[in-house]
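In what follows, a single structure is set out as structure tokens and then discussed.
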Amino acid sequence: MAIATINPATGEVLKIFEPFSDAALETSLELAQQTFEKYRHTSFTERSQWLQAAAQVLLDRKQEFGELMTLEMGKTLKSAIAEVEKCALVCRYYAENAAQLLADVPIATDASQSFVRYQPLGVVLAVMPWNFPFWQVFRFAAPALMAGNVGLLKHASNVPQSALAIAEVFALAGFPAGAFQTLLIGADRVAPLLADARIKAATLTGSEPAGASLAAAAGKQIKKVVLELGGSDPFIVLPSADLEAAATTAVTARMLNNGQSCIAAKRFILVGEIADAFQAKLLEKFQALKVGDPRLPDTDVGPLATSGILQDLAQQVEAAIQQGAKVLTGGKPLGGVGNFYPPTLLIDIDPQKPIAQEEFFGPVAMVFRVDTLEAAIALANATPFGLGASAWTTDAAEQTCLIHELEAGSVFINGMVKSDPRLPFGGIKHSGFGRELSREGILEFVNIKTVWVK
Ligand code: NAP
């Protein structure tokens with residue numbers, strides 16, 4: 001895949017980048033390693049000042065960075081600006097909390113003194129996706145840099161200008177040159193790179209095949225990895241739910257980022273007598289959404305990020321129809337210029353069919369109906385994924401059961417699944433392993449050193 005900016009709303013090729021030569025890659029790696037040797041001795045106070053400055057650069061230039069993301073991958077400008085603000089938030093969270101999160105932890109034993117100390121690992125490689133071009137990177141970089149690691153970013157090939165802008169943010173903020181660098185390289189160069197002894201660990205956010213490939217390469221080298229992969233999150237609505245609130249949130253949860261979010265609600269599981277009423281609300285709200293130019297403030301759904309994603313989604317919907325699904329609205333690309341696909345509602349899907357197991361990475365919702373809470377949980381769990389789950393009920397016993405039984409990295413009751421710097425984020429099963437954000441996130445890339453003194 002060429003490293004290039006192609007406007008998804010128009011198909012126009014705006015800028016093509018030459019990948020790094022082997023020599024340029026070696027220069028970056030060596031700089032990263034040499035920087036780490038000094039950077040690991042910087043204090044939390046210094047790192048915190050740099051990260052606070054990064055937050056300020058983000059806020060000062062949120063319009064510009066938002067426009068860049070919209071240009072490269074088609075998210076609405078209002079959501080792109082909100083994404084930049086959220087990046088500032090995660091910088092501030094770790095700038096303010098890392099020292100305390102990584103403070104020595106005394107533990108009483110037979111020693112005169114025993115405790116746990118957290119130390120950086122070294123150069124960490126981050127392989128990131130295009131869907132939240134800034135957020136995915138900052139939620140890795142903020143804790144990693146505060147812990148004393150240095151970062152190398154291999155971003156998705158369709159967001160090179162965002163990748164370069166992120167490195168610029170850290171440089172402008174005052175981090176030492178080499179603390180965070182962007183590498184313009186294709187996916188085929190990740191495994192060989194991981195074999196380099198200077199790289200100590202890696203994180204990948206993206207698809208299952210990419211995650212499996214990175215994990216295999218890291219396994220051979222016995223290197224730590226964190227994987228944040230796909231999802232097909234359930235959104236369960238039970239009879240006691242506030243249907244209007246649930247339906248409004250359902251639309252937001254499915255359409256977020258033009259439908260291209262790992263934690264988007266993708267399978268709507270309606271329990272009992274509310275099914276007709278909820279489905280009607282969903283249909284009405286889907287049909288009211290405005291698809292179009294992502295730069296305009298009243299646009300709800302912009303183009304998909306690439307023409308390949310548009311084709312894949314169209315084929316998935318065709319496959320669903322062939323496997324018995326009925327289309328209530330949408331169901332075909334809009335045609336013409338740009339990668340536009342309309343909000344689409346699929347019903348009557350047989351949960352046993354292969355399509356029910358797949359992740360739809362676009363504005364397509366699958367609706368299922370069941371009779372009981374137990375059937376809803378069984379259906380929710382019947383996929384290879386386990387990222388997030390949202391369930392709507394005011395019944396305390398049902399809430400307890402859902403929290404306990406749903407196979408997911410997070411369960412949100414009466415709300416949509418979302419990330420928050422204060423809460424751990426990640427999945428189980430084929431959605432990956434490891435956690436980002438909060439205390440758990442900063443502990444992923446540290447040596448948890450046990451100290452015992454007689
Ligand atoms: P992708 O194709 O896996 O790309 C993600 C990144 O991995 C890109 O930088 C890509 O580089 C690289 N890559 C691809 N194949 C690779 C390989 N064999 N070895 C090493 N690196 C490789 O994913 P995507 O289609 O862009 O993103 C969509 C997927 O990501 C969805 O499944 C979504 O659910 C998931 N996702 C998960 C989370 C989460 O937090 N759990 C968040 C966002 C997205 P190139 O661009 O150069 O190919």
Checklist entry - Is it the case that some residue within region 56-71 is surrounded by 18 or more Cβ atoms within 10 Å (Cβ to Cβ), in a helix (DSSP H, G or I) and within 16 Å of the ligand (Cβ to nearest atom)? => result yes
Checklist outcome for this item: Selection from region 114-130 of residues of a type outside the set (Gly, Ala, Ser) and open to solvent by 10 Å² or more (accessible area, probe 1.4 Å) yields 115, 116, 117, 118, 119, 120, 121, 127, 129, 130
Checklist outcome for this item: Residues in region 193-206 that are within 9 Å of the ligand (Cβ to nearest atom) and in contact with a Gly (Cβ under 6 Å, 6 or more places away or on another chain) total 1
Checklist outcome for this item: Selection from region 341-362 of residues buried (at least 22 other Cβ atoms within 10 Å of the Cβ) and assigned to a loop (DSSP other than H, G, I, E, B) yields 341, 343, 359, 360, 361, 362
Checklist entry - Has region 143-157 got at least one residue that is within 15 Å of the ligand (Cβ to nearest atom), under 18 Å from the mean Cα position of the chain (by Cα), in contact (Cβ under 8 Å) with a residue 60 or more places away in the chain and surrounded by fewer than 24 Cβ atoms within 10 Å (Cβ to Cβ)? => result yes
Checklist entry - Would you say residue 266 is touching an Asp or Glu at 6+ places or on another chain (Cβ under 9 Å), under 30 Å from residue 157 (Cα atoms) and modelled with pLDDT of 95 or more? => result yes
Checklist entry - Could you say whether any residue in region 222-232 is surrounded by fewer than 16 Cβ atoms within 10 Å (Cβ to Cβ) and either assigned by TED's automatic domain parsing to the domain that holds residue 382 or of a type outside the set (D, E, K, R) (or both)? => result yes
Item to check | Per-region count, region 300-339, residues more than 27 Å from the chain's Cα centre (by Cα) and open to solvent by less than 30 Å² (accessible area, probe 1.4 Å) | outcome: 2
Item to check | Single condition residue 448 does not satisfy, out of (1) closer than 23 Å to residue 96 by Cβ; (2) in a loop (DSSP other than H, G, I, E, B); (3) of a type outside the set (Phe, Trp, Tyr) | outcome: (2)
Checklist entry - Can residue 171 be described as more than 14 Å from the ligand (Cβ to nearest atom), over 13 Å from residue 20 (Cβ atoms), surrounded by fewer than 22 Cβ atoms within 10 Å (Cβ to Cβ) and free of Cβ contacts under 8 Å to residues at least 24 places away in the same chain? => result yes
Item to check | Qualifying positions in region 371-411 - away from the ligand (no atom under 16 Å from the Cβ), touching a strand residue (DSSP E or B) at 6+ places or on another chain (Cβ under 6 Å), open to solvent by 10 Å² or more (accessible area, probe 1.4 Å) and not in a helix (DSSP H, G or I) | outcome: 392, 406
Next on the checklist: Among the residues in region 184-192, are any under 22 Å from residue 61 (Cβ atoms) and either more than 16 Å from the ligand (Cβ to nearest atom) or surrounded by fewer than 24 Cβ atoms within 10 Å (Cβ to Cβ) (or both)?
Outcome noted: yes
Checklist outcome for this item: In region 423-454, residues that are under 15 Å from residue 146 (Cβ atoms) and open to solvent by 80 Å² or more (accessible area, probe 1.4 Å) total 2
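The values are calculated or read from the model by the stated rules, or taken from the named source; none is laboratory data. Quick caveat, the model's predicted, so the values are computed rather than measured. For neighbour counting, all protein chains shown are included, and Cβ atoms are generated from backbone atoms with ideal geometry for every residue, glycine included. The area values use the complete protein model at the heavy-atom level, side chains included, leaving out ligands, DNA and RNA. Shrake-Rupley method; radii C 1.70, N 1.55, O 1.52, S 1.80 Å.
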